[in-house]
Amino acid sequence: MLVADKLIVSFKQPIGLKPLLLPLSFCLKPNNVYSIIGKNGSGKTTLIKALTRLNDDAVYKIEGKVWFNDINLFEAAVPVLTKIRREKIKYVFQDSINSFDPLKKLKYYFKPFLKQPDLHNLMKYFLFDNPNEVLELYSYELSGGMAQRLSIILALLYEPDILILDEPTSGIDYPIINLLLHAIKQFIMKENKIVLLVTHDLQFAEEVSNMISILQSGALSEFLQTKEFFSLENNSLIKAYREKLE
């Protein structure tokens, strides 16, 4: 379980603090896919980074509390927080290619799994026909879509308690999006797993999510069940989405 309690994010300026995210409180429970939707620039990536203190302290001020099980992540010692990030809460960022060191071959990151069938099974599932050849590449030899798929595979291999996806459909085409959708649904069927994704892709959010919220003007709405969320009549973003489908 992950609980945010009055989470506030502000941008540090010479003349003072500029609030980016107003006090946000929410609870993520196991075996659910939570989506936060919002327009580009609404602060979605800033929010998910703040959950495990990934924001640059020189640029942002973070206030409030975030609990992962019984650990307050904002008060946890660096070694504890690092271990949680490495094993329990995994991110897949939109700019996945920058998640890899260009001086290291990809097999460096997959080393713990090289002899496990799950690695090759996932590589094949995400349409890498020659897994061994791909793992010999450097990140600068990848397309953005390839890097995103590999980041997703790596995150799934660690079987984290919480998988956080940043605009997961932005760099991949429809066949891969469909595969990702089914992979997410399989993932949350395992014991005590949570998926949190942020996106402006309302169609994907509607298909994959159990609960959805919207981030706009620095405020996060209540998480609602997907059907209930898309029945709202007073939200311009949902109206525009429905009109697009018609």
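The values are calculated or read from the model by the stated rules, or taken from the named source; none is laboratory data. None of the values given here were measured: they were computed from a predicted structure. Cβ sites come from the backbone with ideal geometry, for glycine too, and all protein chains shown count toward neighbours.
Would you point out the residue of region 130-148, among those that are assigned to a helix (DSSP H, G or I) and hydroxyl-bearing (Ser, Thr, Tyr), that is surrounded by the fewest Cβ atoms within 10 Å (Cβ to Cβ)?
To start, the set of residues in region 130-148 that are assigned to a helix (DSSP H, G or I) comprises 131-135, 139-141, 144-148.
Subset that is hydroxyl-bearing (Ser, Thr, Tyr): 139-140.
On the way: Ser139: 20, Tyr140: 10.
Going through the qualifying residues, I end up with Tyr140.
Given the criterion in the same structural domain as Lys29 (by TED's automatic domain parsing) and hydrophobic (A, V, I, L, M, F, W, C), identify the matching residue among Ile153, Ile177. Testing whether each residue is in the same structural domain as Lys29 (by TED's automatic domain parsing) and hydrophobic (A, V, I, L, M, F, W, C) leaves just Ile177. Quick one: in region 161-208, which of the residues that are in contact with a Phe, Trp or Tyr (Cβ under 7 Å, 6 or more places away or on another chain) and assigned to a loop (DSSP other than H, G, I, E, B) is surrounded by the fewest Cβ atoms within 10 Å (Cβ to Cβ)? Across region 161-208, the extreme among qualifying residues is Lys193. Taken over region 209-239, the criterion of being in a strand (DSSP E or B) and at pLDDT below 90 is satisfied by Gln216 alone. Number of residues in region 101-118 that are part of a helix (DSSP H, G or I) and either closer than 18 Å to Leu142 by Cα or β-branched (Val, Ile, Thr) (or both) equals 3. Looking across region 1-22, the residues that are within 12 Å of Gly64 (Cα to Cα), surrounded by 17 or more Cβ atoms within 10 Å (Cβ to Cβ) and not small (Gly, Ala, Ser) come down to Leu7, Ile8, Val9, Leu21. If you scan region 184-208, which residues turn out to be aromatic (Phe, Trp, Tyr) and at pLDDT below 95? Once the filter is applied, which keeps residues that are aromatic (Phe, Trp, Tyr) and at pLDDT below 95, region 184-208 yields only Phe204.
Per-residue answers, yes or no, for (1) part of a strand (DSSP E or B); (2) in contact (Cβ under 8 Å) with a residue 12 or more places away in the chain; (3) of a type in the set (Gly, Ala, Ser):
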position: Ala4; (1), (2), (3): yes, yes, yes
position: Ile8; (1), (2), (3): yes, yes, no
position: Leu17; (1), (2), (3): yes, yes, no
position: Ser25; (1), (2), (3): yes, yes, yes
position: Asn40; (1), (2), (3): no, yes, no
position: Asn55; (1), (2), (3): no, yes, no
position: Glu63; (1), (2), (3): yes, yes, no
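Taken over region 119-141, residues that are under 25 Å from Val208 (Cβ atoms) and touching a residue at least 12 places away in the same chain (Cβ under 8 Å) amount to 7.
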